[in-house]
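Here's the structure we're looking at; comments come further down.
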Amino acid sequence: MTSFRIERFGLARSELARFSQSDPLHRDWPVVYTLNDTSEVYVGESLDGAGRLRQHLDGGKKSHLGEARVIVDPTFNKSACLDLEAYLIGLFSGEGRYQVLNVQASSGTGNYYQRETYRERFQEIFAKLRSEGLFTTSIDEIENSDLYKLSPFKSLTDDQGDAVVSITEGLLSALNGGPSGSMVIEGGPGTGKTVVAIFLTKLLRDIGAWDGEPLESESYLTGLFTIANRAVLSDLRIGLVVPQQSLRKSIQAVFSRTPGLDAGMVLSPFDVGKSELTWDLLIVDEAHRLNQRANQTSAQKNREFHEINVKLFGTDDRSNTQLDWITEMSHQQLFLIDRRQRVRPADLGVSTLKALADDAEARSRRHVLTSQLRVQSGDYVEYVRQILGPQPPSQRIDFGDYDVRLFDDVGEMLTNVRARNAEAGLARVVAGYAWPWESKKDRTRTDLAIGDVELRWNSRVVDWVDSPKSVDEVGSIHTIQGYDLNYAGVIIGRDLRYDEAAGELRFDREHYFDKKGMQNNPGQKLTQQELLDFVLNIYAVLLTRGIRGTYLYVVDDPLRSYLREYLG
């Protein structure tokens, strides 16, 4: 039986007085409330709902949000209210209909008594708010959107929260004349590196713009909101560098809808290098995808690389990389890296990334994320990396509810992926670059031919996952790295084979069609092992995109038999 009710009234003194006097729970009980007008919304929680709303009305800073709703439930406690507050903020931000006015002072709450029971009630509360017009789409539709997945309003895990606080305190110390130097966050797929980058950017901007009004939240982040910290961060110039075009565009869309942020803060490495202004802090997501001096994707980019090196260093020294651009153009840097997600020779070398991490570690500025936020099977990610590594697992793991299937027929896999898409949304097929992209220039052509099944590569590079045609197309590493799917259907092509006699994985150059994936950098001669490592990294990324499950088809028969031992 539903125990909550939602009191709705205009944010005016007469209405507030009536609300305050109508029930003792309105003055002395944990509640969650929303304030909104036609374009903005604010979500709060308080032990004194009437008193807190009166403060908003008297303070005037949110009094223009003329409509108030207070969610009252006699079973609520402080933890449940903090959780509901974070839950609603995330959904409002993810739908994108309203600008969310909350500052980044709360990271939500962890586990508490009967959390799952409360979470079921939260869905009922959402349904009621939706019936009153505050939401227009379903929870599933919101949670499948990039706006939600890349929202700065996320609940942090313990290791993410520790990293955010430590980095903020270290940055404040450096800005006040203390020790400085690059900071590093390392983490595998699904550990939330991008979440931390976006969350931290919003937090720093919010501290710098804080108006001094007491904050409702009592989280560990609240203590960062001080007058002294505001003075240090108020004019801080922050940039978020994202090397991949598709992910960069998605984050720009989120920033353009978030108060305190703007799309111009999200940069490519070339944007940084060409700028005439420096940054106080550059946060670099997917920093392992920064480029060395290598042949770029176009003649124009090659010219720009040369021009930026000359601009910054006086000469086009081939040893200078985009990492050097970042350090030259900023006073402080935060790099988020996964050394095992390098997928092209142009990406920063393993030794460079190791040196970056080791230097940060020596200065206690390296943080490691371990909590798995994407894949709903805690051991799966490392298990996949072991399968594709030199020392495969000694035994299979139990996947629990995580749905892993290896198919002998690609058509059957496609049918199942489309069925999952109809049920849950966000199920897509991705593949290694083992077929040429014929349809790029001629849309009447198909690309992947497997038996009598013919498929096309992604028809767009930017925002492919959410595009209308994506469920009938195949994405590559360059459209999917950094994104989540509910279900990933992965096709492993003939670029990766299994040598049964040697008991080893092999790279097949003849069936690899990413030209930049095999191109030597100046002075470099790629070995077969190095190319194999790139391809293995690619498939490890593809096989760890799915939140609820991974479906797999393998072209090479011996490789399929090998993988069946672990994933069949």
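The values are calculated or read from the model by the stated rules, or taken from the named source; none is laboratory data. Since the model is a prediction, treat every value here as computed from it, not as a measurement. All Cβ positions, glycine included, derive from the backbone under ideal geometry; neighbour counts span all protein chains shown. These accessible areas exclude ligands, DNA and RNA; they are computed on the full protein's heavy atoms, side chains included. Shrake-Rupley method; radii C 1.70, N 1.55, O 1.52, S 1.80 Å.
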Under 10 Å from the Cβ of Gln376, count the other residues' Cβ atoms, weight Lys and Arg +1, Asp and Glu -1, and hand me the total. 0
Place the peptides 11-17, 430-436, 448-454 in order of packing, highest mean first, counting for every residue the other Cβ atoms within 10 Å and averaging per peptide. 430-436, 11-17, 448-454
Treating the angle as unsigned and between 0 and 90°, give the value, to the nearest 10°, between the Cα long axis of helix 557-567 and the longest Cα principal axis of the chain. 30
Where the accessible area of segment 453-568 is counted over protein heavy atoms with a 1.4 Å probe, how much of it, in %, is carbon and sulfur? 44
How much length, in nm to one decimal, is gained on full extension between Ser22 and Thr136, taken as 0.36 nm per residue of separation minus their Cα-Cα distance? 38.0 nm
How do 458-466, 223-231 rank on mean C-beta neighbours within 10 Å, highest first? 458-466, 223-231
Using the alpha-carbon centroid of each, what span in Å lies between segment 513-568 and segment 369-432? 14
Net charge near Lys62, counting Lys/Arg +1 and Asp/Glu -1 over other residues with Cβ under 14 Å of its Cβ? -3
The rounded separation in angstrom of the Cα centers of segment 212-247 and segment 91-155 is 22
Let me know the shape class of segment 342-382, please: from the alpha-carbon gyration tensor, a ≥ b ≥ c as square roots of the eigenvalues, rounded when a/c is under 1.5, otherwise prolate if a/b is greater than b/c, or oblate. oblate
Cα-based count: Lys pairs in segment 88-235 below 19 Å, eight or more positions apart or different chains? 5
C-alpha long axis of helix 245-256 to longest principal axis of the chain, angle in °: 10
Probe 1.4 Å, all protein chains in place: accessible area of Phe153 in Å², nearest 10? 20
Let me spell out the model: positive unit charges on the Cβ of Lys and Arg, negative unit charges on the Cβ of Asp and Glu, origin at the Cα centre of the chain. What dipole size does that give, in debye rounded to 20? 900
Rounded to two decimals, what ratio of Rg to Rh does segment 379-439 give with C-alpha atoms and a Kirkwood Rh? 1.03
Among Gly161, Tyr87, Leu101, which residue has its Cα positioned farthest towards the positive end of the charge dipole of the chain, with +1 placed on the Cβ of Lys and Arg, -1 on the Cβ of Asp and Glu, and the dipole taken about the Cα centre? Leu101
18 Å Cα-Cα reach of Lys249 towards aspartates and glutamates, excluding residues that sit fewer than 8 places from it in its own chain: Glu95, Asp146, Asp262, Asp271, Asp285, Glu286, Asp463, Asp466, Asp484
Cα long-axis angle, helix 299-313 against the chain (0 to 90 degrees, to the nearest 10): 70
Once you sort the root eigenvalues of the Cα gyration tensor of segment 77-185 as a ≥ b ≥ c, which label holds: rounded (a/c under 1.5), prolate (a/b larger than b/c) or oblate (the other case)? prolate
Classify segment 40-141 from the C-alpha gyration tensor, please: rounded if a/c falls under 1.5, else prolate or oblate depending on whether a/b exceeds b/c. oblate
Restricting to lysines and to Cα separations under 18 Å from Lys274, and discarding same-chain partners fewer than 8 apart, the set is Lys301, Lys311
